[in-house]
Amino acid sequence: MKVEKWILSVLLGAIVILGVVVTLQINRLQTVVADAAQSDYELAIGMNQLQTWMDKLYFSGTAENWPLADFYLHEIEETAEAMMMANLVKNEQPLTPLIESMMMPVVDDLEAVVDAADAEGFLRHYDMLINACNACHANTGYGYIQMQRPERPAFSNQRFEP
């Protein structure tokens, strides 16, 4: 009986130690992944993607091609999420809280407008998204980067009409 208790105590101790080691290893790996994500993510490329998706969103929305507009809204969301996961900091300003508070609520509202196929609401909310981008640029020291509604599609080889 004493031997069984001793073996059980040793096994239980080993399990506890193993649990601590695994937890420490997980924490270390999470730090490594977060550091790698931040160092590997190029903000200018992400911003270029956002600009491309916003251009295409504008023309699909003004053409009332709601499935295509919805597609580009999801691309905008995915790009913004990638930026947030990278934990980027510009001019000592963390970008994740800005994206979460300034951009994502407007994207959510714009998604509701697109789902409702609301052409008038689309332009109003699209302009709100542009304003959110410009406000974020100003908050991070890039106020000289000003977005506006596109005048013509950046890509001449895509049809936006349904």
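What follows is calculated from the coordinates using simple rules that are stated; it is not laboratory data. Please read all numbers here as calculations on a predicted model, not as lab measurements. Quick reminder, even Gly has a Cβ in these numbers, built from the backbone with ideal geometry, and neighbours come from all protein chains shown.
Summary of values
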item	result
Length added when fully stretched, residue 155-residue 43, from 0.36 nm per residue minus Cα-Cα	38.1 nm
Under the Karplus curve 6.51 cos²θ - 1.76 cosθ + 1.60, θ = phi - 60°, whole-Hz ³J(HN,Hα) for region 131-141, x wherever Gly or Pro sits	4, 5, 4, 5, 5, 5, 4, 4, 5, 10, x
Residue-averaged [θ]222 nm for the chain, counting only DSSP H segments that reach four residues, each worth -39500 (n - 2.57)	-24500 deg cm²/dmol
Packing-based ranking, highest mean first, of 101-109, 125-133 given that Cβ atoms within 10 Å are counted	125-133, 101-109
Candidates 41, 144, 72: whichever shows maximal mean-square fluctuation once the chain is modelled as a Gaussian network with Cα springs under 10 Å	144
Read-out mean projected area of the Cα convex hull in nm², derived from the coordinates shown; its label in [x] 12.1; [y] 9.7; [z] 14.4	[z]
